[in-house]
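Since every read-out is calculated from the coordinates, none of them should be taken as a lab result. This structure is a prediction, so every number in the text was calculated from the model and none was measured. Cβ placement follows ideal geometry from the backbone for every residue including glycine, while neighbour counts extend to all protein chains displayed.
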Amino acid sequence: MNWLVALPELALSLCGLAILIAGVFSPNKHAFQLTSMLSLGALLGVGGLVLVSPTGLGFGGLFINDAFSRFAQLLILAGAGLAIILSLDFNEREEGMARFEYPVLILFASAGMMIMVGATNLMTLYLGLELQSLALYVVAAFARDSLKSSEAGLKYFVLGSLASGILLYGMTLTYGFSGSTDFIHIAKALVTSTPSVGLVIGMVFVMVGIVFKIAAVPFHMWSPDVYEGAPTSVTALFGSAPKVAAMALLIRVMAWPFGHLFVQWQLLIEIIAIASLILGALAPLVQTNIKRLMAYSSIGHVGYALMGLAAGNGNGISAMLVYLATYIFMTLGAFGIIIAMRRQGRPVEKITDLAGLGRNHPGLAIAMTIFMLSMAGVPPLSGFFGKLYVFLAAIQSGLWLLAVIGVITSVIGAYYYLRIIKLMYFDAPEGAFDHPAPSLSFVVALTGAVTLLFILVAGPVTTAAQAAAMALLG
Amino acid sequence: MNQAGFPLLSLLTFLPLAGVVVIFCLRGDEEATARAARWTALWTSLIVFVLSLVLWFDFDKSFVGFQFQENLPWLPQYGASYRMGVDGISVMFVLISTALTPIAILSAWKQGGGRAREYMTAFLVLETTMIGIFSALDLLVFFVFFEAVLIPMFVIIGVWGGERRRYAAIKFFLFMFAGSMLMLLGIVALWIHDGTTSIPDMLHIPLPAHLQFWLFLAFFAAFAVKIPIWPVHTWLIDAHREAPIAGSVLLAGVLANMGGYGFLRFSVSLLPQASQSFAPLMFALAVVAIIYTSIAALVQRDLLKFCAYSSIGHMAIAVVGIFTFSVQGIEGSLFRMLSHGFITAALFICVGVLMDRMRSQSMDGYGGLARTMPFYALLFMIFAMGTVGLPGTAGFIGEILVIVAALKVNFWLSLLTGTTLILSAIYTLVMYRRVIFGGLERPELKVLQDIGPREIVMLVPLVILTIWMGIYPSSFSTFFDATANAMAQAHTVALAGTPAHLASAAGNLAVGSVTAGGAN
């Protein structure tokens, strides 16, 4: 038994426990800042461990450490870390949010996500998923005196449990018809015989459970409400790390144990992708709340990323990974700016509140322009490369319809991203926002630089993503 | 390495960004930084222009193929690399970009208000992308620059434009973006088929006819919008009407040429069969554009819209030339595009001169300017004659070559294209009479100052170019003679058909580039 392969996860869980105790015993006033800093340190250290820990199967085949899981885990850690930095100032200003449990919960959620992407057994998968979800349910309702936040938390919890139930049901079916919960054995059961109906149904249920987590159409209903209701620092987190984790999990499960059912699931993924693309392009046009807009826009991005999975080849999977890597940074950057939208101490979240940002906060406006154009897929920004790769993969597999719909939706999508830029630069200012905290400026500058300069590192990132895809497909 | 002994094209491309960095490091009060920003931008663009003259002097004119090549690995997994180089066609477009940018910056001198830094930044970024487009030899690098052009132009129109600037900016962006996203699909399909994104390598690889058909449509979407061709020209009218003069100068002078360049580089060179079968459609669209825009220009009272319509008509002539696939046609369209570049740019500057003084762009607000602004009237007349295509000006060479080439294709095509000679004379002279001649009735026009030193510095080089190209065109055509010949020949051979011939003739275009890369 090689437990060293799970060293990063173990370390992160232990750090979480230790920081929890440190939080309990530290004076109330500084507990939040202290645990946040410790958590950032822990995430950074674990990031290092991910790079040095040995690869291979561990725990009797329950868990794997390979190039794929590393790629996803590093993204998860980056997302969680940046989300904690974004919360530093926001949580202090909001009533009852600056509590030491917050970063600790994010640490546990991250540990859950890391386990998810390294799972090679349905049990490990479920364990990781639930560890993540339970921590996130609490975080969603963290502003417990706020009606909206509690509602968002409850909604997330009820619908999330439903999804977990569906997933679990699919897992039992899979277990029942293949005789094992191990990915290796499930894959073997599928390769030897024509797939039994039970296994196919099990696969569909597992897929639906995970698709719920990535909020793709038609299982997206919860996402706009939760995005809008949850405190903005929490929304920033939801938009980043858990999306990457669930996406990576979907890739792993579809490509490996259910890889031989490709013919059966390809059409489903295509339909989900097309529906997400269309909703992600049209729904934002009528939004007035910027957080809801981001929710729909992220649904659209999930649609693009799923194009890579529908392509079902190594290029498609590496395209998805590149897409996720670029997506996580532009989303967190955009949320950094949304968190900075605050007048006289009160957060504002209408899209029109951005009017005149170009005059009042030129730096923030330039950064937001970069994020919006990148999301629209305009080169030389990072978002273009994600789109380019998924189109490439889709066309390689002959999925012309998907590619054409993707092109059309990205033109429609460009309109509402441009509308935001128009508001910031061309419309009359409404009154300046409060001066953004240094921590926010840091995140915005960092993610902005990543988005702008991605073109210079596109080669190495693509190499890493391809190595990850190769590790998965063998 | 290349003739210059150092990566000249990359230097040209990215030097403007160094100017941007300098502009952003400027500190001080608003007035001082604005002034410093303008001078920085002007000097940067002048240095780029002087450096680009190395291309003019060191370019090997006898040589078919790509010169000044550079090659760096970029996305090795996908066979894409950062590859730059110019042939006889693109070198001219690089030069016109570097020449027009300082003029555009000068014409923007008094605008920008408190945001002069951002304004100048936009122009420098635009210059980077323009030079990048014309010197990229990798499909993906080309696309990145091609799209990146939208960002600075969108900002220039949207922030510093006229009253309906928001509408015009968003329309501009969405038209362009839709076109280039469709082209992206084509690029990806081409990439998958050829397994490389290197343009010189692609010239060797024949494509099956059905693929060519779809690829032509994909590339057509992007370039037709850019050039622009009737009926997707409507964005241009709004963009020119609302954009600041400096934006219009580059929009007409360089951005329109990107479409023509794209047709030559991709449609004609890579998709010979499809280009041949789509040629009648292109001719039809172009002829409609020539006649329609001429009539539209005739009834315009708005000077900016007048210039916009005449610009579309002129680019339509270039389209006719390109799709005759003959040496005269291709050279004629190149002359047409280059002369359009600086003559239309000059017309916009002339309109800008008036707008600076009177804040009006309506022809009705002027008249009799010949008396108060005689020198201006003289320069304006030279450009008006260039627009008409009077022999001795640059406009004439392109038109006559295209009409001759069209005659070899079809008499009616030639006749209809030739109507431009008459129609453009009518609309231009009517415009000129309304603005410059007639009675000097309005009192406020009587006190107008003739053009000042800044305006002379902008306009005189363009006058020299207009007459130089008109009287001694071969100093320009020596650059692209060899390339245009090879292109026309490759096209004939590709249509004639045996694969062996095809490879060798298409090879002519690219083989040279290999030896050029090796020899230097």
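From the C-alpha gyration tensor of region B:364-491, pull out the three semi-axes of the equivalent ellipsoid (sqrt of 5λ each), sorted largest to smallest, in whole Å.
Equivalent ellipsoid semi-axes, largest first: 36, 20, 8 Å.
Taking the alpha-carbon centroid of each part, what is the distance from region B:203-280 to region B:108-143 in angstrom?
If we compute the Cα centre of each part, the gap is 20 Å.
Sort A:THR174, B:THR13 so the one with the fewest other Cβ atoms within 10 Å of its own Cβ comes first.
The order, fewest Cβ neighbours first, is B:THR13, A:THR174.
Divide, for region B:1-62, the radius of gyration over alpha carbons by 2.2 N^0.38 Å, where N is the residue count.
Normalised Rg, Cα atoms only: 1.42.
Add -39500 (n - 2.57) for each DSSP H run of 4 or more in chain B, then divide by its residues: what number comes out at 222 nm, to the nearest 500 deg cm²/dmol?
Numbers: 23 runs with 390 residues, N = 520.
Calculated from helices alone, the mean residue ellipticity at 222 nm is -25000 deg cm²/dmol.
Which of the pairs A:LYS422/B:LYS226; A:LYS188/A:LYS243; A:LYS213/A:LYS291; A:LYS155/A:LYS422 have their Cα atoms more than 25 Å apart in this structure?
Long pairs (Cα-Cα over 25 Å): A:LYS188/A:LYS243; A:LYS155/A:LYS422.
Mind checking which helices in chain B clear 30 Å along their axis (Cα) and have mean Kyte-Doolittle hydropathy of -1.0 or more, DSSP H runs only?
On the way: long enough: B:30-58 (42 Å, 0.86); B:165-194 (42 Å, 1.25); B:272-299 (40 Å, 1.54); B:327-358 (46 Å, 1.09); B:411-436 (37 Å, 1.30); B:474-496 (33 Å, 0.55).
Those that pass (Cα extent of 30 Å or more, hydropathy at least -1.0) are B:30-58, B:165-194, B:272-299, B:327-358, B:411-436, B:474-496.
What length, rounded to one decimal in nm, is gained on full extension from A:LEU17 through to A:LEU456, with 0.36 nm per residue of separation minus their alpha-carbon distance?
Full-extension gain reported as 154.1 nm.
Classify region B:393-449 as rounded, prolate or oblate from the Cα gyration tensor: take a ≥ b ≥ c as the square roots of its eigenvalues, call it rounded if a/c is under 1.5, otherwise prolate when a/b beats b/c and oblate if not.
Prolate is the answer for region B:393-449, as a/c is 1.5 or above and a/b outweighs b/c.
Could you compute the longest span of chain B free of GluC sites (Glu not before Pro) located in DSSP loops and having at most 16 other Cβ atoms within 10 Å, not counting the site residues? Intermediate results must be reported in sequence, preceding the final value.
Values: sites that count: B:GLU163, B:GLU441.
Between exposed loop sites, the widest span is B:164-440.
Show me the trypsin sites (Lys or Arg not before Pro) within region B:323-384 that DSSP assigns to loop and that have at most 16 other Cβ atoms within 10 Å of their Cβ.
Values: sites: B:ARG336, B:ARG357, B:ARG359, B:ARG371; in loops: B:ARG359.
Loop-located and lightly packed - B:ARG359.
List the equivalent ellipsoid semi-axes of chain B in whole Å, largest first, each obtained as the square root of 5λ for an eigenvalue λ of the Cα gyration tensor.
Semi-axes from the Cα gyration tensor: 36, 27, 20 Å.
Of all trypsin sites (Lys or Arg not before Pro) in region A:27-108, which ones are in loop regions per DSSP and have a Cβ with at most 11 other Cβ atoms within 10 Å?
A:LYS29
Would you mind computing Rg(Cα) / (2.2 N^0.38 Å) for region A:262-474, counting N as its residues? Please report the intermediate quantities before stating the final value.
Details: Rg = 17.7 Å, N = 213, 2.2 N^0.38 = 16.9 Å.
Computed over Cα atoms of region A:262-474, the ratio equals 1.05.
For region A:33-156, just run the numbers: alpha carbon Rg, then divide by 2.2 N^0.38 Å, N being how many residues it has. Intermediate results must be reported in sequence, preceding the final value.
Numbers: Rg = 15.6 Å, N = 124, 2.2 N^0.38 = 13.7 Å.
Compared with the compact-globule rule of thumb, region A:33-156 sits at 1.14.
Based on alpha-carbon positions alone, could you give the equivalent ellipsoid semi-axes of region B:446-485 from the gyration tensor, as √(5λ), descending, whole Å?
Equivalent ellipsoid semi-axes, largest first: 35, 9, 7 Å.
Tell me, Kirkwood radius of region A:381-440 from alpha-carbon pair distances, in Å? Please report the intermediate quantities before stating the final value.
Numbers: mean 1/r = 0.0687 Å⁻¹.
14.6 Å is the Kirkwood radius here.
Fewest to most neighbouring Cβ within 10 Å: what's the order for B:ILE227, A:ILE269?
A:ILE269, B:ILE227
Tell me which residues come under 5 Å, amide H to amide H, from A:ASP434 once H is placed; ignore anything under 5 positions away on its chain.
Here A:ARG342, A:ARG343, A:GLN344, A:GLY345 satisfy the definition.
For the protein assembly as shown, what's the radius of gyration and Dmax over Cα atoms, in angstrom?
Cα-based Rg and Dmax for the protein assembly as shown come out at 30.4, 100 Å.
Between A:GLU95 and A:LEU44, what is the FRET efficiency for a Förster distance of 25 Å, r being their Cβ-Cβ separation, to the nearest 0.05?
Once rounded, the FRET efficiency stands at 0.25.
Average the reciprocal distances over every distinct pair of alpha-carbons in region B:273-471, invert the result, and give the Kirkwood radius in Å.
Computed over Cα pairs of region B:273-471, the Kirkwood hydrodynamic radius comes out at 17.1 Å.
Select from region B:133-195 those trypsin sites (Lys or Arg not before Pro) which occupy a DSSP coil region and have at most 15 other Cβ atoms within 10 Å, ordered by residue number.
B:ARG164
Over all Cα pairs of chain A, how is the pair count split among 20 Å bins, expressed in % and running from 0 up to the last occupied bin?
Computed distribution, short to long bins: 26, 60, 14, 0.
In deg cm²/dmol, rounded to 500, what helix-only [θ] at 222 nm does chain A give when every DSSP H run of at least 4 residues adds -39500 (n - 2.57) and the total is split over its residues?
Rounded to the nearest 500, the figure is -26000 deg cm²/dmol.
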